[in-house]
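The values are calculated or read from the model by the stated rules, or taken from the named source; none is laboratory data. Computed from a predicted structure; not experimentally measured. With ideal geometry, Cβ positions are generated from the backbone for all residues, glycine too; neighbour counts draw on all protein chains shown. When the accessible area is computed, the model is the full protein with side chains, heavy atoms only, and any ligands, DNA or RNA have been set aside. Shrake-Rupley method; radii C 1.70, N 1.55, O 1.52, S 1.80 Å.
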Amino acid sequence: MGITTHAAERMAERGIADADVQDAIKNPIHTKEVTTDSMGRRSQIIIGKAVTVCINPDTGQTITTWKTGTKTRKKYEGGE
C-alpha cells in the first residue's frame, strides 16, 4: 500500500486529507470495476462520501484522488 508522488501532490493541491482517502477505501459508497489502459496499467476507482480514490488493484497503492462531486455522491447513495 501507500501513495504515489502524483497522488501526494494532488492531495496537497486539492486540500484532501489522508483520513478522507482512508475512509473512502474502508467505507466506499461505490467501487468500479478494474480497468486496464492501452499501456497495460490496471486501475480501480473507489468512490467515498468525501473523496474518490484511484488505486492500483495489484499493489493497493493510491494513484490519484479528487473530491467526490455532489451528483456522484447522490447517485451512489441513492439520493436524487
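Structure above, values below:
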{"quantity": "Within segment 1-79, trypsin sites (Lys or Arg not before Pro) in DSSP loop having at most 16 other beta-carbon neighbours inside 10 Å", "calculated": "LYS32, ARG41, LYS49"}
{"quantity": "Within the accessible area of the chain (1.4 Å probe), percent carbon and sulfur", "calculated": "49"}
{"quantity": "Helix-only CD estimate at 222 nm, as mean residue ellipticity for the chain, using -39500 (n - 2.57) per DSSP H run (n ≥ 4)", "calculated": "-9500 deg cm²/dmol"}
{"quantity": "Accessible area of segment 15-80 divided out per residue, in Å², using a probe of 1.4 angstrom", "calculated": "63"}
{"quantity": "Radius 15 Å from Cβ of ILE47, net charge of other residues (Lys, Arg +1; Asp, Glu -1)", "calculated": "+4"}
{"quantity": "Mean shadow area of the chain, taken as a quarter of the surface of its Cα convex hull (nm²)", "calculated": "5.4"}
{"quantity": "Exposure of ASP23 as accessible area (Å², to 10), given a probe of 1.4 Å and all protein chains", "calculated": "60"}
{"quantity": "Cut-off under 5 Å, modelled amide H: who pairs with LYS67 long-range", "calculated": "THR52"}
{"quantity": "Counted charge near ASN56, where neighbours are those whose Cβ lies closer than 11 Å (Asp, Glu -1; Lys, Arg +1)", "calculated": "+1"}
